[in-house]
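Read-outs: derived from the displayed coordinates by stated rules, not from any lab. What you see is a predicted model, and the numbers here were worked out from it, not measured in a lab. Neighbour counts are summed over all protein chains in view; Cβ atoms, including those assigned to glycine, are modelled from backbone coordinates with ideal geometry.
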Amino acid sequence: MTANTPLLEKLAAEYGTPLYVYDLDGVDAARRDLFGALPESFDVFYAFKANPHVELVRALRTGEGPACKAEISSTGELAAALEAGYPGTDILYTGPGKTRGELARAIVDGVRLFSAESLSDLTHIGEAALAHGVTADALLRINSATAGASTSIRMTGTPTQFGIDSETVAEIAAQLRDVPGVTVAGLHLFSQSNARDEKALIGEFLRSIDVAAAMQEDLGVRLRMMDIGGGFSVPYAQAGARAQYPGLRAALEEKLDTTFPGWRQGEPRVAVESGRYLVGDSGTLLAGVSNVKVSRGRKFVILDAGINTFGGMSGLGRLLPVSVVVDTDGAGRATEKASLVGPLCTPGDILGREIEVPETADGDVLTIPNTGAYGPTASLLMFLGRPAPTEAVVRGDEVLHVSRIEHIRTPV
Ligand SMILES: *Cc1c(COP(=O)(O)O)cnc(C)c1O
């Protein structure tokens, strides 16, 4: 999305910084592109962890075109899904550490589809369902022994807390099929995030479909549903456009026609999942410059937004390496090399080291594009006790919703 600069300036003046602005027109466009790149009957699960803001997740369910379903992993995300109007039947509950308490909550709230990450997880799902007098469906999450293309985040092929090792499925198939209160309805194969390019994405999907076919044999269960994962890509706090996938649909159709000939009739139903692609480019982060200083010849631009506002997981050296790029909004401003740092009392509070930034002074506002995914939700919001950033939701020029998360300690 191209930034609506006059609106951004107006909002920053009115609400101050740090400020996220999410444009629902961008969310709509991403949803259209994603459904357009997939075979017609596919389901899309939106991974709430990318951004659980209720107005964004509501936009993914309403409006024109096919609606996203919800992929959630906590009672907080469950509450957001319900508030945004997702029926329990459109929710997939995932995660390796689902507690008995949260499973009971989900069942009571109408969720009937769970990704099961181990035999014990499956047993807990069944117990929660039985306690409520219902039966749940489970997708067995598979940790495939064969790992494929390189992507920025891999979750299969190695020992992890995620999924059931594919090589053990045949051996424990009878146990998996016989857990009271839960029916094995299908498979969940999530192996990559943020695929490098279309070729890598397609390669991983085709591999996942082969793994699903093999697992169907090993399990001795006719799959009703299979979630073949994701990996759809969008720049993260860098300029640039969402990836497009012109060859994906044909490649998936051809593969499914040979591997699961009933898929066009919904046997099995096929789903993919996406977080960042659907919301990433709808968001812009506005950060105020608090100080500019020079230390031993190096320039530091100190912002009011650090890893407490954006990319906190990368500040810990984990998962999401971040080096933001500041939008220069074509204003012809000169740039200079500087480190962009946040306000926190830790040297880890860095958004960009020795990067090109517009020449700035105290009081300027910098614009960081493509920050709609893994913003506040993936940041160290509590660390050092600063207020959470303000989040504004707009559609074009219309401001719909402005809010901020508050942390309040309450007696329990
Ligand atoms: C994080 C996650 C996603 C979303 O990943 P993106 O790269 O944001 O699309 C989807 N599915 C599962 C199981 C995840 O853990």
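Assorted remarks:
- When the Cα positions of 229, 390, 46 are compared along the charge dipole of the chain, 390 comes out farthest toward the positive end, with charges on each C-beta of Lys, Arg, Asp and Glu.
- Given charges at Cβ of Lys, Arg, Asp, Glu: the chain dipole, positive-most of 76, 290, 91: 290
- Segment residue 298..residue 183, full-extension length gain: 35.3 nm, with 0.36 nm per residue of separation and the alpha-carbon distance subtracted.
- Computed over segment 1-90: relative contact order in percent, which uses C-alpha pairs under 8 Å that are six or more apart: 25
- Trypsin sites (Lys or Arg not before Pro) restricted to segment 243-305 and DSSP loop, no more than 16 other C-beta within 10 Å: 296
- Shape category assigned to segment 24-278 from the gyration tensor of Cα positions, a/c cut at 1.5: oblate
- Under the span-like rule (Cα at least 24 Å along the axis, Kyte-Doolittle mean at least 0.0), DSSP H helices of the chain: 198-219
- With 5 Å bins beginning at zero, the pair-distance distribution over Cα atoms of segment 227-292 amounts to 4, 13, 17, 17, 13, 12, 8, 6, 3, 3, 2, 2, 1 %.
- Remark: for residue pairs 49/293; 69/98; 10/293; 98/255, the C-alpha separation exceeds 25 Å in 49/293; 10/293; 98/255.
- Separation of the residue 257 and residue 160 label points, Cα + 7 Å toward Cβ, nm: 3.2
- For segment 376-412, the residues whose backbone nitrogen is under 15 Å from a point 7 Å from the Cα of residue 75, taken along Cα to Cβ, are 410-412.
- With both labels modelled 7 Å from their Cα along Cα-to-Cβ, the residue 336 to residue 14 distance reads 3.3 nm.
- Cβ-placed point charges (K, R +1; D, E -1), dipole of segment 23-133 about Cα centre in debye, nearest 20: 300
- Its relative contact order, with pairs defined as Cα atoms under 8 Å and 6+ residues apart, puts the chain at 19 percent.
- Here's the list of aspartates and glutamates a cross-link from residue 299 could span, going by alpha-carbon distance under 20 Å and ignoring same-chain residues fewer than 8 apart: 327, 336, 349, 354, 356, 359, 362, 364.
- Note on segment 1-52: with charges restricted to the Cβ of Lys and Arg (+1) and Asp and Glu (-1), its dipole about the Cα centre is near 140 debye.
- Three-way shape label, segment 142-252, alpha-carbon gyration tensor, a/c 1.5: prolate
- Taking label points 7 Å from Cα along the Cα-to-Cβ direction, residue 214 and residue 244 give a separation of 3.6 nm.
- Taking the DSSP beta bridges with both ends in segment 24-278, the antiparallel portion is around 5 percent.
- Dipole magnitude (debye, nearest 20) for the chain, charges at Cβ of Lys, Arg, Asp, Glu: 700
- In the chain, helices alone account for a calculated mean residue ellipticity at 222 nm of -8500 deg cm²/dmol, with every DSSP H run of four or more residues adding -39,500 (n - 2.57).
- Cα gyration tensor category, rounded, prolate or oblate, for segment 181-240 with a/c compared to 1.5: prolate
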